[in-house]
Amino acid sequence: MTLKNKKKYVVIFSLIIILDQASKIVIQSIFNDNPYKVIHVIKNFFLIRYVENKGAVWGIFSQSSNTIIPKLITIFSLAALVIVIYFFLKLESKCAFELTSLSFIIGGAVGNLIDRLKQGYVVDFLEVYVKNFRWPTFNVADSFISIGVILLIISIWRGKCTQF
């Protein structure tokens, strides 16, 4: 299957990349003068905090002093992206639910990969917390990857190609 019948999904993942990169540019400009400030959006629930994540998902390996770790994470991310794109290209265009979920994953993965290749780290800035429980800081790309994975799991669980 070619991209010809999947133009709307290419638009979806392209918009996700643009949204992700634009949000990171805005955040970097807001926090440029003071990277340690915190903006409380919803008291006791949601805040914005600038984080340069050199590690993997949820900050795993971000504190490692081993300089090879970020390179390995970039290589792994690129390999995973190639696999997802392969499945995206192989899916029939009638499998709208699956193509949408893969578009979310591709858009998010490319957004974070751009950061890694350009800066050597991913910009994270969204933080959800309740009392002493804090979810690891994340970004727009992470959100779309997570939603895409959840939708893909639902699709696999249902066991059939889904049309909208």
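Please treat every number below as a calculation from the coordinates, not as lab data. Bear in mind that the values here come from a model prediction, so they are computed numbers and not experimental data. As a convention, Cβ positions derive from the backbone with ideal geometry for all residues, glycine included, and neighbour counts pool all protein chains shown.
Quick notes on this one:
- Averaging the Cα positions of each part gives two centres, and for segment 85-121 and segment 128-164 these lie 14 Å apart.
- Cross-link partners for LYS118 among the lysines, with Cα-Cα distance under 18 Å and sequence neighbours closer than 8 places in the same chain left out: LYS24, LYS54, LYS71.
- For segment 4-158, the residue among ALA79, TRP135, ILE68 whose Cα projects farthest onto the positive side of the dipole built from Cβ charges is ALA79.
- Magnitude of the charge dipole, segment 4-158, Cβ model with Lys/Arg +1 and Asp/Glu -1, debye to 20: 280
- Karplus-derived HN-Hα couplings along segment 131-138 (A = 6.51, B = -1.76, C = 1.60, θ = phi - 60°), whole Hz, x at Gly and Pro: 6, 8, 8, 10, 6, x, 4, 9
- For LYS54, distant residues with modelled amide H under 5 Å away: VAL122
- Structural descriptor for segment 34-164: relative contact order 31 percent, calculated from alpha carbon pairs under 8 angstrom and at least 6 residues apart.
- Nearest-20 debye value, segment 4-52 charge dipole, Cβ charges on Lys, Arg, Asp, Glu: 400
- Helix axis angle, 140-158 relative to the chain longest principal axis, alpha carbon, degrees: 40
- Helix 68-90 and the longest principal axis of the Cα set of the chain meet at an angle near 30°.
- With only the Cα atoms considered, the chain has a convex hull volume of 136 Å³ per residue.
- Per-residue ³J(HN,Hα) for segment 19-28, Karplus 6.51 cos²θ - 1.76 cosθ + 1.60, θ = phi - 60°, Hz, x for Gly and Pro: 4, 4, 5, 5, 5, 5, 5, 4, 4, 4
- Per-residue HN-Hα couplings for segment 101-108 [Karplus 6.51, -1.76, 1.60; θ = phi - 60°; Hz; x = Gly/Pro]: 5, 5, 4, 4, 5, 4, x, x
- Long-range amide H partners of PHE46 with built H, under 5 Å: VAL41, TYR129
- Proximal aspartates and glutamates relative to LYS8, as straight alpha-carbon distance under 18 Å, when same-chain residues fewer than 8 apart are discounted: GLU92, GLU98
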